[in-house]
Amino acid sequence: MVDPRRAIIGERLRGVENIIAVSSGKGGVGKSMIASTLALILARKGLRVGLFDLDFTSPATHLILGVGDLYPEEEYGIIPPRVHGLRYMSIVYYSKGETLPLRGADISNALIELLSVTRWGVLDFLIVDMPPGISDAALDIIRLIEGLKFLIVTTPSRLAFETVGKFMRLLLELDIRILGVIENMKISDSTFIQEQVEGRGVRFWGDIPFDRRLEETIGDVDRLLETEFAKKLKELVDKNLGI
Amino acid sequence: MVDPRRAIIGERLRGVENIIAVSSGKGGVGKSMIASTLALILARKGLRVGLFDLDFTSPATHLILGVGDLYPEEEYGIIPPRVHGLRYMSIVYYSKGETLPLRGADISNALIELLSVTRWGVLDFLIVDMPPGISDAALDIIRLIEGLKFLIVTTPSRLAFETVGKFMRLLLELDIRILGVIENMKISDSTFIQEQVEGRGVRFWGDIPFDRRLEETIGDVDRLLETEFAKKLKELVDKNLGI
Amino acid sequence: MHEWSLAEAVIHAASKIVEREGLKEVREVVIRVGELQQIELEVLEFALTELKKGTRFEDAEFVLETMRAEFECRVCGHRWYFDAKELDERVQEDIHFVPEVVHAYVRCPRCGSPDFNVLKGRGVWIERIRGLR
Amino acid sequence: MHEWSLAEAVIHAASKIVEREGLKEVREVVIRVGELQQIELEVLEFALTELKKGTRFEDAEFVLETMRAEFECRVCGHRWYFDAKELDERVQEDIHFVPEVVHAYVRCPRCGSPDFNVLKGRGVWIERIRGLR
Ligand SMILES: Nc1ncnc2c1ncn2[C@@H]1O[C@H](COP(=O)(O)OP(=O)(O)O)[C@@H](O)[C@H]1O
Ligand SMILES: Nc1ncnc2c1ncn2[C@@H]1O[C@H](COP(=O)(O)OP(=O)(O)O)[C@@H](O)[C@H]1O
Ligand SMILES: [Mg+2]
Ligand SMILES: [Mg+2]
Ligand SMILES: [Mg+2]
Ligand SMILES: [Mg+2]
Ligand code: NI
Ligand code: NI
Ligand SMILES: [Zn+2]
Ligand SMILES: [Zn+2]
């Protein structure tokens, strides 16, 4: 018996120019905040942008964006609804507010299902918000999505970088493109992370300070884009993505 | 064919009085810091304590404790080495500094293997440091360890509590004992988390402030136990665990 | 109508198999459809009929077989069959798109756990392809 | 000597099976040992011989069968056999205790991926128990 889904994934993503996985290995470093804000920043530049929340058991981007009661349309597949100018896809459309306990094999299956039926159309960027851990979701997008690029997020903490460093090493070993590393929630001016990153030959995008006001903007993208956090992220994007 | 391992797990944990899973569903909320410090606090009270790091793909407790180059002894099974007065078990003994990408099924297998061969001996408390996500590790310890109790960690953020709330609801539905909830890295005096927790009939242990000096103590347990973080955690333990 | 995209996946994957096996003429493609997803068979069939036009499958027959969805609880070992009618329509639709969300809505009838395995009846599979070499 | 704890698990699980099946006398217990873990068969056999004394397995024969460990790459589909001798001793010992750490040390020989499946040859299994009812 052959599962026909895997064969069609390349087809489904054919119209997407760049796929960027915002990743870390570590949890709570700001992946979801950065993925959401990055997608909004690119969309406000007039680019065609999609955002795909791949953290199925602890999704967060729907809260950050303040996504209301939407449901994807069915039209020769699934069309991701438009949210604040983005094509937005999340499992929460289907799991609603319920707890969704999924084993790795189920995460893998749900990911393949969504990749094989979602019609992203033509996009300049598809931003993928990754779950923590070096497990099914990370291994699957690596094997399923050709040309995928990683944007890695860490905090200044040694506890975060312990895992982030290992994850980077794996990507480098597998010859997968790393766009760069962002040091988020910076509170001192240690250069430890920058040295570690550049020492491995990876581009250090820069840091984003800890922003006490960020929390209040959850659910309000206009206010989010006015924060120091978003402004600093935009600077890093302008400088490092060259668009 | 029958896998003989599952049948012996109860036997292996027979000498352990209390098993506490420090958990959240969400990453980066301080589970590893709290699990490690909790284990040390209990050990310094003269109790017999074990610490089991179950975050196989992004372990952190070995760094927090400053565990050197140890390897478990083999003696009718595996004996967890003694570290700062704790019986300490982590997959890093076997994966060393390497990246360990594991799918959920492998996480499950490794967990069952370790539970079936590790001889914890007689312990008053076994503290388990859980990975983020509501996936294999959480589902497995729920099904494999009888009498397990959860200590839940969140931050004040709505992004954290979105998942933590869902995880709590699942545990309540399954009638699994929740010792309480700790609100970590508190920076304002919002009572949102406390209300949410108590509204669900769960004990709110209290909060632990954001402690800028915590990072410097990583690897030095004596300094760790002198931090505001550890002192506040000890207060919460004294008040809520009643020992 | 996301059955259409599943049909596309079937045609796409079947083409690769036909090429790999070096088949000159395809007579029959047997598709197994798991009942968990509640796929509309007429819609899937219609899509296959439309999509095969002008392809090497033009003269092939697509045979659809359904398979009941069976679950096994990882906690207590209980096995049971999925019954869509016990769920409300909105939830059925959610499972239609992403079968794994069944873990948000269904519990083991014996012990109440959401930690169960889908033994069979998930997804759309190419069971076999008959043709001439 | 963690073979001892595996032997205990076997005796424990075998007892449960014997009770469930209502066997009065146990003649033979066939154990399948995967080669991934490089279990010392003599040590496992010795432990089983010691542990069965005074139990219902006292007169039963424990038969150990080994099974080669085979991997399948999830990225490129390549299959290959595990060869412990290619790894240094310390790594062999790590895999001896927790076979899953093989994913830290072994790569697909064709594409270099650590994302492979252990098709067979992992762990210790009770294959069958023969006895009288
Ligand atoms: N630069 C920042 N300043 C302050 N808080 C931040 C910053 N970046 C992220 N956060 C907060 O940190 C927490 C974790 O962020 P999140 O995006 O959910 O991380 P992840 O997706 O990596 O788990 C959230 O509460 C978020 O609001
Ligand atoms: N109360 C606190 N004050 C300041 N930093 C903290 C506090 N609790 C945890 N941290 C820091 O937060 C980060 C995440 O903690 P960690 O224990 O690794 O979380 P988790 O195990 O939930 O992923 C670490 O860098 C840790 O040092
Ligand atoms: Mg996130
Ligand atoms: Mg942790
Ligand atoms: Mg399942
Ligand atoms: Mg594997
Ligand atoms: Ni449909
Ligand atoms: Ni041994
Ligand atoms: Zn059950
Ligand atoms: Zn390969």
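A compact table of results
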item	result
Filter result for the condition that a residue is assigned to a loop (DSSP other than H, G, I, E, B), more than 16 Å from ligand 9 (Cβ to nearest atom) and surrounded by fewer than 24 Cβ atoms within 10 Å (Cβ to Cβ), over B:L47, B:L63	B:L47
Condition met for B:S58 (within 12 Å of chain A (Cβ to nearest Cβ) and over 18 Å from A:G133 (Cβ atoms))	no
Filtered residues of the stretch D:20-37 (kept if farther than 24 Å from B:L114 by Cβ and at pLDDT below 95)	D:R20, D:E21, D:G22, D:L23, D:K24, D:E25
Any hit, the stretch C:49-60, residues being surrounded by 17 or more Cβ atoms within 10 Å (Cβ to Cβ), under 30 Å from A:L100 (Cβ atoms) and either free of Cβ contacts under 8 Å to residues at least 40 places away in the same chain or not small (G, A, S) (or both)	no
Criterion (facing chain D (nearest Cβ under 10 Å) and either in a strand (DSSP E or B) or not basic (K, R) (or both)) met by exactly one of B:Y71, B:Y88	B:Y71
Any hit, the stretch B:24-38, residues being of a type in the set (K, R), more than 23 Å from B:E216 (Cα to Cα), touching a Leu at 6+ places or on another chain (Cβ under 7 Å) and touching a residue at least 12 places away in the same chain (Cβ under 8 Å)	no
Selection from the stretch C:1-48 of residues that are free of Cβ contacts under 8 Å to residues at least 24 places away in the same chain and either in contact with a Gly (Cβ under 9 Å, 6 or more places away or on another chain) or within 11 Å of chain A (Cβ to nearest Cβ) (or both)	C:S5, C:H12, C:K16, C:R20
All positions within the stretch A:155-201 that are in contact with a strand residue (DSSP E or B) (Cβ under 9 Å, 6 or more places away or on another chain), part of a loop (DSSP other than H, G, I, E, B) and either among the aliphatic types (A, V, I, L, M) or within 7 Å of another protein chain (Cβ to nearest Cβ) (or both)	A:S157, A:I176, A:I187
Unmet criterion (only one of (1) buried (at least 21 other Cβ atoms within 10 Å of the Cβ); (2) within 14 Å of chain A (Cβ to nearest Cβ); (3) within 16 Å of ligand 4 (Cβ to nearest atom)) for B:E215	(1)
Candidates A:G85, A:G97 - the one that is free of Cβ contacts under 8 Å to residues at least 60 places away in the same chain and at positive phi	A:G85
Some residue of the stretch A:18-41 being within 30 Å of C:R128 (Cα to Cα), in a loop (DSSP other than H, G, I, E, B) and of a type in the set (K, R)	no
B:P80, sole failed condition from (1) facing chain A (nearest Cβ under 8 Å); (2) crowded, with 22+ Cβ neighbours inside 10 Å	(1)
Members of the stretch B:121-142 found to be touching a Leu at 6+ places or on another chain (Cβ under 9 Å) and more than 10 Å from every other protein chain (Cβ to nearest Cβ), listed by number	B:L123, B:D124, B:F125, B:L126, B:I127, B:V128, B:D129, B:M130, B:I141
Qualifying residue in the stretch A:97-120 (condition: away from chain B (no Cβ under 12 Å), among the small types (G, A, S), surrounded by fewer than 22 Cβ atoms within 10 Å (Cβ to Cβ) and outside any helix (DSSP H, G or I))	no
Pick from the stretch C:94-133, criterion within 15 Å of the chain's Cα centre (by Cα) and without any contact (Cβ under 8 Å) to a residue 24 or more places away in the chain, ranking: nearest to ligand 5 (Cβ to nearest atom)	C:E100
Hits in the stretch C:13-53 (condition: of a type in the set (A, V, I, L, M) and over 18 Å from C:G131 (Cα atoms))	C:V33, C:L36, C:I39, C:L41, C:V43, C:L44, C:A47, C:L51
Among (1) within 16 Å of ligand 9 (Cβ to nearest atom); (2) within 26 Å of A:A7 (Cα to Cα) - the single one A:P101 does not satisfy	(2)
Filter result for A:Y94 (buried (at least 20 other Cβ atoms within 10 Å of the Cβ), among the aromatic types (F, W, Y) and outside any strand (DSSP E or B))	yes
Boolean, B:D189 is of a type in the set (D, E, K, R), surrounded by fewer than 17 Cβ atoms within 10 Å (Cβ to Cβ) and modelled with pLDDT under 95	yes
Count of residues meeting criterion [assigned to a loop (DSSP other than H, G, I, E, B) and more than 20 Å from A:G25 (Cβ to Cβ)] in the stretch B:50-60	0
Leading residue by the ranking (nearest to ligand 3 (Cβ to nearest atom)) among those in the stretch D:85-125 that are basic (K, R) and at pLDDT 95 or above	D:R107
Test: B:A160 is among the hydrophobic types (A, V, I, L, M, F, W, C) and away from ligand 1 (no atom under 16 Å from the Cβ)	no
Residue within the stretch B:223-233 that is touching a Lys or Arg at 6+ places or on another chain (Cβ under 9 Å), farther than 29 Å from B:D106 by Cβ and touching a residue at least 24 places away in the same chain (Cβ under 8 Å) present	yes
Residue check for C:D88: within 12 Å of chain A (Cβ to nearest Cβ), away from ligand 4 (no atom under 16 Å from the Cβ), without any contact (Cβ under 8 Å) to a residue 12 or more places away in the chain and more than 16 Å from A:N109 (Cβ to Cβ)	yes
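The values are calculated or read from the model by the stated rules, or taken from the named source; none is laboratory data. Keep in mind it's a predicted model, so treat the numbers as computed, not measured. In this analysis, Cβ positions are derived from the backbone assuming ideal geometry, glycine residues included, and neighbour counts consider all displayed protein chains.
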